[in-house]
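Data block below; observations after.
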Amino acid sequence: MDVKEAGSLPVKKGQYRMTVNGQEREAAAIPTARLSDLLRKEFQLTGTKVSCGIGRCGACSILIDGKLANACMTMAYQADGHSITTIEGLQIEELDMCQTAFLEEGGFQCGYCTPGMIIALKALFEENPHPTDEDIEEGLAGNLCRCTGYGGIMRSAWRIRRELNRGKREFGC
């Protein structure tokens, strides 16, 4: 383990292993390193945005073992041994259902909140493929958008729900 000086106290770096977007990854980080920093700086996965840094805006939304989480509030050591999915993990060969809905319904403007919104919808629709409007609003409650007024975001969610309710396609967010 490396030792880094923090004032006069030595801080030991730990080795953390996790599966990120289907690939085994490993990185050294101090115990107080945020997962968002590890993803962005060590793994160059910059789709996960950091805005508030206190878990209120949802820009850093990721999935840990399939469950929605804020990367800015998760320490790197907490991800050790777990499976992490970021926005980059959704687009393997083609856009998934959530990404397509956002494009076709104008679910974004500046785009900064879009990765977090899409990840939040992925978590919602994987848990409940037929959510009510109230379920959708609750599923997106931890994600803020300062540009769109949420109209396009809700249209995107409704489009996904319509396609799933029609049986048009398997859930692919």
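Please list, ordered by chain and number, the residues whose modelled amide H lies under 5 Å from the amide H of M75; skip anything fewer than 5 residues away on the same chain.
L35
Give a residue-ordered list of calculated ³J(HN,Hα) values for the stretch 60-65 (Karplus: 6.51 cos²θ - 1.76 cosθ + 1.60, θ = phi - 60°; whole Hz; x for Gly, Pro).
Along the stretch 60-65, the couplings run 9, 4, 9, 10, 10, 6 Hz.
If we sort 54-62, 123-131, 38-46, 21-29 on the protection proxy, mean other Cβ atoms within 10 Å, highest first, what's the order?
Highest to lowest by the protection proxy: 54-62, 38-46, 123-131, 21-29.
Relative contact order for the stretch 10-89: what percent, with Cα pairs under 8 Å and sequence separation of 6 or more?
37
So what are the stretch 1-99's ellipsoid semi-axes, whole angstrom, largest first, if each one is the square root of 5 times an eigenvalue of the alpha-carbon gyration tensor?
They are 26, 15, 10 Å, listed largest first.
For the stretch 106-116, what does the Karplus curve 6.51 cos²θ - 1.76 cosθ + 1.60, with θ = phi - 60°, yield as ³J(HN,Hα) per residue in whole Hz, taken in order and with x for Gly and Pro?
Going residue by residue, I get x, x, 8, 10, 6, x, 5, 7, 4, x, x Hz, with x marking Gly and Pro.
Please compute the Cα-Cα pair-distance distribution of the stretch 85-144 with 10 Å bins starting at 0, giving whole percents from short to long.
Spelled out bin by bin, the stretch 85-144 gives 22, 57, 21, 0 percent.
So what are the three principal axis dimensions of the stretch 128-167 from its Cα atoms, in whole Å, longest to shortest?
Principal-axis extents of the stretch 128-167 (Cα, largest first): 33, 16, 11 Å.
Given [x] 17.0; [y] 10.4; [z] 12.7 as candidate values of mean projected area of the Cα convex hull in nm², which corresponds to the one derived from the coordinates?
[y]
How big is the gap, in Å, between the Cα center of the stretch 67-102 and the Cα center of the stretch 7-28?
Cα centres, the stretch 67-102 to the stretch 7-28: 18 Å.
I need the calculated FRET efficiency for the pair K41 and E94, taking r as the beta carbon distance and R₀ as 35 Å, to the nearest 0.05.
0.80
State the number of lysine pairs found in the chain whose Cα atoms come within less than 12 Å, restricting to pairs 8 or more positions apart or on distinct chains.
Lysine pairs, 8 or more places apart or on different chains, close enough: 4.
For a bin width of 5 Å, list the pair-distance distribution of the stretch 38-84 built from all Cα-Cα distances, rounded to whole %.
In order of increasing distance, the bins hold 5, 23, 32, 31, 9, 0 percent.
How large is ³J(HN,Hα) for each residue in the stretch 73-80, as worked out from phi by the Karplus curve 6.51 cos²θ - 1.76 cosθ + 1.60 (θ = phi - 60°), to whole Hz, x for Gly and Pro?
For the stretch 73-80, the Karplus-derived couplings read 10, 10, 7, 4, 5, 6, 8, 4 Hz, x marking Gly and Pro.
Nearest 500 deg cm²/dmol is fine: what mean residue ellipticity at 222 nm does the chain get from its DSSP H runs of n ≥ 4 alone, each adding -39,500 (n - 2.57), divided by its residue count?
Here the helix-only value at 222 nm equals -8500 deg cm²/dmol.
Just so you know, all these numbers are worked out from the coordinates, no wet-lab data involved. As the structure is a computational prediction, the values presented were derived from the model and not from experiment. Cβ sites come from the backbone with ideal geometry, for glycine too, and all protein chains shown count toward neighbours.
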